[in-house]
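A short worksheet on the structure shown next.
The values are calculated or read from the model by the stated rules, or taken from the named source; none is laboratory data. All values derive from a computational prediction rather than experimental measurement. FYI the Cβ positions are ideal-geometry reconstructions off the backbone, even for glycines, and counts take in every protein chain you see. With ligands, DNA and RNA removed, areas are computed over all heavy atoms of the protein, side chains included. Shrake-Rupley method; radii C 1.70, N 1.55, O 1.52, S 1.80 Å.
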Amino acid sequence: GRFPANSLANRESPLPEVLAKSSELESVTAEQAKELVKKIEAESRFGILQLSRTYEITSEAAGALAEFRGDTLILGIKSLSPEVATALAKSKAANVWLHSVTSVSSEAAETIAKMRSHLLLTSLSELDSVPLAEKLASRPGALSLPYLTKVSPEIAGALAKNERSLTLAGLTDV
């Protein structure tokens, strides 16, 4: 439930310490998602909704989770379909952490690029598509790719266009 970086944007004040409420659901229906959102929001406006062991969700469930207005939405989904990306792009959470997504298709990147929330893709270890890097960098929120270990000069140039905050903590060679 902790961020992979201390600060995603140097203009924002630190967040208060709030423990994540972890759910052990392997799958979540839209109705369950609505109930979880309601429950966590009732506890704190700085709530963290953690579904780290939920590896797949439907676009309907993603749409219900996108209504979460707390601090961080943590999802364990392993892949990001264009339909789920479209639903998550409407997220009202301050941060959306997709810790198990290892790759993002061009279609999913096109829609997730519209997300206003800060996006953390902590398992993305390879990025070799300049158009994908440009789409991710065009996002209005911060972008964190801490396990990306190498990037080509073209990818670096595309990512450098990010106007908010860019975290590339895993780079071993620049």
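Just a few scattered comments:
- Selected residue (only one of S79, S129, S105 is surrounded by 18 or more Cβ atoms within 10 Å (Cβ to Cβ), out of contact with any strand residue (DSSP E or B) (no Cβ under 8 Å at 6 or more places or on another chain) and free of Cβ contacts under 8 Å to residues at least 60 places away in the same chain): S129
- Search result, residues across the stretch 40-76 that are open to solvent by 40 Å² or more (accessible area, probe 1.4 Å) and charged (D, E, K, R): E41, E43, R45, R53, E56, E60, E67, R69
- Answer residue from the stretch 132-151, given it is more than 14 Å from the chain's Cα centre (by Cα) and closer than 15 Å to A85 by Cβ and is most open to solvent (accessible area, probe 1.4 Å) among those: S138
- Residues considered: T122, T111, T149. Of these, the only one that is in contact (Cβ under 8 Å) with a residue 24 or more places away in the chain, under 28 Å from S59 (Cβ atoms), outside any helix (DSSP H, G or I) and β-branched (V, I, T) is T122.
- For the stretch 58-90, filtered to residues that are of a type in the set (S, T, N, Q) and out of contact with any Phe, Trp or Tyr (no Cβ under 7 Å at 6 or more places or on another chain), the residue that is nearest to D128 (Cα to Cα) is S79.
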